[in-house]
Amino acid sequence: MRVNPNFSDDILSDLYQAQSQEETALQQLASGKLINLPSDNPAGAAELVQNQALQDQTDQYEQNTSVVEGQLQTADSALSSVVDSLNQAISLGTQGANGTNSQADLDAIAQQVQGIQNQVVQLANTSYQGNFIFSGTATSTQPYTLDSSAPDGVTYNGNTDTNTVEVADGNSVQTNLPGSQVFQGTGGDVFGALQQLITALQSGNTATIGAATTAVSTSLNYLSQQRVFYGNGVDQLNSNQTFLQSEQVNLQSEENTVDGANLAQASTNLSNAQTTQSAALAALAKVIPQNLLQYLS
Amino acid sequence: MGTLNTAMWIASQALDVDQGAMDVTSNNIANASTPGYSREVVDLTEQTPIESGNLTVGTGVSLEQIQSVRSQVLSLLISQQTTQQNGSQTQLNGLQQVEGLFSDPTSGIGANLSAFFNSISQLSTDPSNGAQRQSVMTAAQNLVTSFNQAAQSLGTIQSGLNQSVSSTVNQINSLTQQIAQINGQVGQMEQLGKDPGSLLDQENQLINQLSQLTNVNEIQTENGLTLTTGNGTALVVGNQSFALQVGNGPTGMQDVFSQGQDITSTIQGGSLGGAIQVRDQDIPGILTQLNTLASQFATSFNNAQAQGYDLNGNVGQALFSFNASGAAASLSLATTDPDAIAASSDGTSGSNGNIANLMAVETSPLPSGVSPTDAYANIVAQSGNLASQAQAEVTASTSSLNQLNDQLGEISGVSINEETTNLLNYQTAFSAAARVVTTVDQLTQDVLNMGSGVTAS
């Protein structure tokens with residue numbers, strides 16, 4: 001039986017194969033990735049595109065969450081100051097309604113309440129990153145201006161629209177309440193009550209002062225209810241932040257499952273390929289000079 | 001009865017034959033490493049014996065012919081497999097460049113798509129912010145650029161392959177010319193009844209080179225070899241060759257013509273077929289997907305723009321523009337004004353009500369049925385699939401080719417051991433025949449000196 005005397009082609013092709021295995025293993029070790037070209041795993045490469053998009057999106061959701069959280073916290077702390085001011089106004093009203101004050105005293109109290117009204121207007125004009133947060137979506141318009149001719153003593157210049165921001169897939173949070181709802185709702189009118197109290201104090205009628213103080217108290221209750229919106233929003237965003245972080249971990253571990261090279265495996269492959277290669281080389285070196293001529297002298 | 005002369009004649013004949021056999025052995029050994037060489041064997045036969053009385057006496061040996069040992073079937077299979085292997089290899093080389101364009105998930109169209117939508121998502125937290133609007137425009141420009149670059153790079157690969165088509169056709173023409181020339185010489189030798197061994201080896205070697213370039217059909221006829229293209233048009237008939245031409249095809253690419261007929265689509269395998277496959281099928285396929293993605297994405301986004309209002313309270317205008325032919329290459333920004341992003345749903349600058357519509361483009365299916373990111377992921381998978389298929393074909397056809405070459409080597413390869421053994425045999429036979437000559441010479445002298453006291457010298 002004849003065999004192919006030109007076996008060096010076969011051994012060479014084995015050598016090439018070992019070399020290419022060596023290259024693959026080296027590349028995996030160097031990059032830490034299984035998929036260095038789409039052809040390494042076409043379906044996996046497509047998955048990586050989607051995974052990368054989701055990771056980027058999750059990053060963005062995290063950023064959105066902290067920006068919105070900042071805005072809600074700013075609104076909440078402004079409203080907390082409004083609550084303090086209203087409490088102050090209620091004490092002043094109670095003091096004015098106790099029947100022991102001269103008109104001069106009452107006028108002085110009315111002055112203080114006016115100061116409180118100014119403060120509340122300023123608080124209602126709070127802005128976050130240059131945008132007014134109580135003017136609906138008209139964020140470039142200052143929501144409240146003092147207006148002695150208006151029944152509430154102020155004019156609302158904003159609109160009644162709201163914005164929402166997506167902070168996770170299918171999860172959008174409302175980022176604002178219009179000032180007209182927070183400060184001048186049907187359940188309580190902060191500016192109306194304050195104006196009522198000022199007018200009552202100036203009139204000197206104890207009963208009217210008492211009624212106006214009650215109105216301020218009612219508006220305080222209403223405002224506190226509105227404030228809950230912001231508190232809830234912050235809570236929701238906090239838990240969303242936690243969710244997003246675990247989501248990010250999930251996505252990264254998914255990426256690693258698809259693309260992460262098993263370094264132990266890759267180094268084993270590398271040394272296997274090297275062994276194969278040196279074995280083939282040794283065989284080649286031994287076999288090529290082997291022929292009958294060596295045994296003739 | 002035999003005579004001394006007969007013995008002398010037989011021995012000298014044997015010397016000639018052994019010398020001839022040693023020549024063949026020597027030639028085999030000399031060509032042991034020559035690519036395409038088929039070993040030659042000597043055909044030794046007994047001379048016709050003569051009848052002498054009731055005895056039949058042998059008259060020695062003769063060298064009947066020198067024959068190349070070849071297998072036409074295997075040569076044919078090797079040619080076909082070579083065509084396939086080279087076709088896959090050329091295809092793989094082209095497709096590896098293509099998949100390289102889509103290999104990094106952190107850059108390119110995919111990454112720029114998500115960066116674009118993320119910048120819009122960012123804008124939703126502060127829709128009137130000029131800096132954030134500008135970053136949306138920057139992200140949009142990056143996205144447009146990555147579409148343009150992908151289309152452009154595909155075009156560059158395509159035109160590189162296009163150039164290789166004309167240079168390959170030139171090589172084919174030069175090979176068919178040489179083959180026709182040898183074919184003519186082979187025909188002449190065969191008419192004279194000679195073995196055209198080494199010419200056939202050369203011809204096979206040239207056909208093998210031709211098979212690396214394109215698929216050819218080999219037909220053995222009485223007038224020698226006929227080679228045709230896969231389509232059946234003649235390349236070589238007898239000592240005549242027919243050149244292929246290149247010319248502009250309907251797609252503006254170089255098409256291949258054989259005697260006036262456009263045979264481009266029938267060329268399969270070989271580096272010519274591989275290049276044509278990638279140039280005319282694989283790259284246009286990916287480019288079509290890319291164009292569909294670009295045009296459908298741009299249209300959807302422009303529609304979403306129209307549902308809202310820009311920073312100045314005007315109805316949203318198109319952000320992207322493109323030409324229907326080659327959307328990916330021609331995609332551009334219709335405006336560079338950051339105010340143009342239609343974030344607002346009520347016309348006020350602080351409203352972000354339309355951003356939900358803009359963002360919906362990222363996740364909603366395009367008319368093609370999948371979201372933009374998924375459409376891009378499909379393109380990545382497609383480029384990978386094509387390359388890995390070509391890789392698998394290269395591996396399979398290479399191992400099959402190795403096996404065929406092994407089989408041919410078993411038949412036609414020169415074994416140094418075998419040749420050395422033969423050499424020793426012929427050497428021994430030659431020495432023995434020489435000794436016969438000396439012995440007969442001695443005997444002849446003895447005969448001449450018979451009966452005389454003087455020794456003839």
Test for A:Leu223: is it touching an Asp or Glu at 6+ places or on another chain (Cβ under 6 Å), touching a residue at least 12 places away in the same chain (Cβ under 8 Å) and closer than 30 Å to A:Val182 by Cβ: no
Output for segment A:56-75, where each listed residue is among the acidic types (Asp, Glu) and either at the interface with another protein chain (Cβ under 7 Å from one of its Cβ atoms) or under 19 Å from A:Leu123 (Cα atoms) (or both): A:Asp56, A:Glu69
Test result for A:Tyr230, open to solvent by less than 50 Å² (accessible area, probe 1.4 Å) and under 21 Å from the mean Cα position of the chain (by Cα): yes
Criterion violated by A:Ala78 - all others in (1) facing another protein chain (nearest Cβ under 10 Å); (2) under 28 Å from A:Gln236 (Cα atoms); (3) open to solvent by less than 30 Å² (accessible area, probe 1.4 Å) satisfied: (1)
Single unsatisfied condition, B:Thr438 versus (1) within 28 Å of B:Val42 (Cα to Cα); (2) in contact (Cβ under 8 Å) with a residue 40 or more places away in the chain; (3) surrounded by fewer than 20 Cβ atoms within 10 Å (Cβ to Cβ): (2)
Yes/no for B:Gly249 being open to solvent by less than 60 Å² (accessible area, probe 1.4 Å) and within 18 Å of B:Asn173 (Cβ to Cβ): no
In segment B:214-232, the residues that are on the phi < 0 side of the Ramachandran plot, in a strand (DSSP E or B) and in contact (Cβ under 8 Å) with a residue 40 or more places away in the chain: B:Val216, B:Glu218, B:Gln220, B:Leu225, B:Leu227
Selected residue (criterion: farthest from the other protein chains (Cβ to nearest Cβ)) from residues of segment B:409-421 that are touching a residue at least 60 places away in the same chain (Cβ under 8 Å) and open to solvent by 40 Å² or more (accessible area, probe 1.4 Å): B:Ile411
Residues that are within 9 Å of B:Ala377 (Cα to Cα) and among the acidic types (Asp, Glu), drawn from segment A:36-52: A:Glu47
Residue that is nearest to the chain's Cα centre (by Cα) [pool: residues in segment B:397-434 that are over 30 Å from B:Gln81 (Cα atoms) and among the aliphatic types (A, V, I, L, M)]: B:Leu423
Filtered residue count, segment B:33-69, keeping only those that are closer than 22 Å to B:Ile207 by Cβ and either open to solvent by less than 70 Å² (accessible area, probe 1.4 Å) or without any contact (Cβ under 8 Å) to a residue 24 or more places away in the chain (or both): 9
Output for segment A:155-167, where each listed residue is away from every other protein chain (no Cβ under 11 Å) and touching a residue at least 40 places away in the same chain (Cβ under 8 Å): none
Total residues in segment B:422-431, condition open to solvent by 50 Å² or more (accessible area, probe 1.4 Å), among the aliphatic types (A, V, I, L, M) and touching a residue at least 24 places away in the same chain (Cβ under 8 Å): 1
Those residues of segment B:345-387 which are closer than 17 Å to B:Met137 by Cα, more than 8 Å from chain A (Cβ to nearest Cβ) and part of a loop (DSSP other than H, G, I, E, B), in sequence order: B:Asn354
So A:Gly93, is it part of a helix (DSSP H, G or I) and either within 14 Å of another protein chain (Cβ to nearest Cβ) or surrounded by fewer than 18 Cβ atoms within 10 Å (Cβ to Cβ) (or both): no
Identity of the residue in segment B:258-269, in contact with a helix residue (DSSP H, G or I) (Cβ under 8 Å, 6 or more places away or on another chain) and under 19 Å from B:Leu210 (Cβ atoms), that ends up most open to solvent (accessible area, probe 1.4 Å): B:Gln268
Tally, over segment B:127-151, of residues that are over 13 Å from B:Gly108 (Cα atoms) and more than 14 Å from chain A (Cβ to nearest Cβ): 3
All positions within segment B:85-129 that are without any contact (Cβ under 8 Å) to a residue 40 or more places away in the chain, open to solvent by less than 10 Å² (accessible area, probe 1.4 Å) and assigned to a helix (DSSP H, G or I): B:Phe116
Within segment A:1-55, tally of residues that are open to solvent by 40 Å² or more (accessible area, probe 1.4 Å), assigned to a helix (DSSP H, G or I) and facing another protein chain (nearest Cβ under 8 Å): 6
Residues of segment B:381-408 satisfying the condition of being of a type in the set (Gly, Ala, Ser) and surrounded by fewer than 17 Cβ atoms within 10 Å (Cβ to Cβ): B:Ala392, B:Ala396, B:Ser399, B:Ser400
Output for segment A:172-181, where each listed residue is among the polar types (S, T, N, Q) and over 11 Å from the mean Cα position of the chain (by Cα): A:Gln174, A:Thr175, A:Asn176, A:Ser180, A:Gln181
Sole residue being of a type in the set (D, E, K, R), out of contact with any Phe, Trp or Tyr (no Cβ under 6 Å at 6 or more places or on another chain) and farther than 28 Å from A:Glu62 by Cα, chosen from A:Asp189, A:Asp235: A:Asp189
Pairs, first aliphatic (A, V, I, L, M) in segment A:275-297, second in a helix (DSSP H, G or I) and open to solvent by 50 Å² or more (accessible area, probe 1.4 Å), C-beta under 6 Å, six or more apart: A:Ala280/A:Asp14; A:Leu292/B:Asn417
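The values are calculated or read from the model by the stated rules, or taken from the named source; none is laboratory data. Predicted model only: the values in this text are computed from it and were never measured. Because the Cβ atoms are built from the backbone with ideal geometry, glycine has one as well, and the counts that use them run over all protein chains shown. Calculation scope for accessible area: heavy atoms of the full protein, side chains included, ligands and nucleic acids excluded. Shrake-Rupley method; radii C 1.70, N 1.55, O 1.52, S 1.80 Å.
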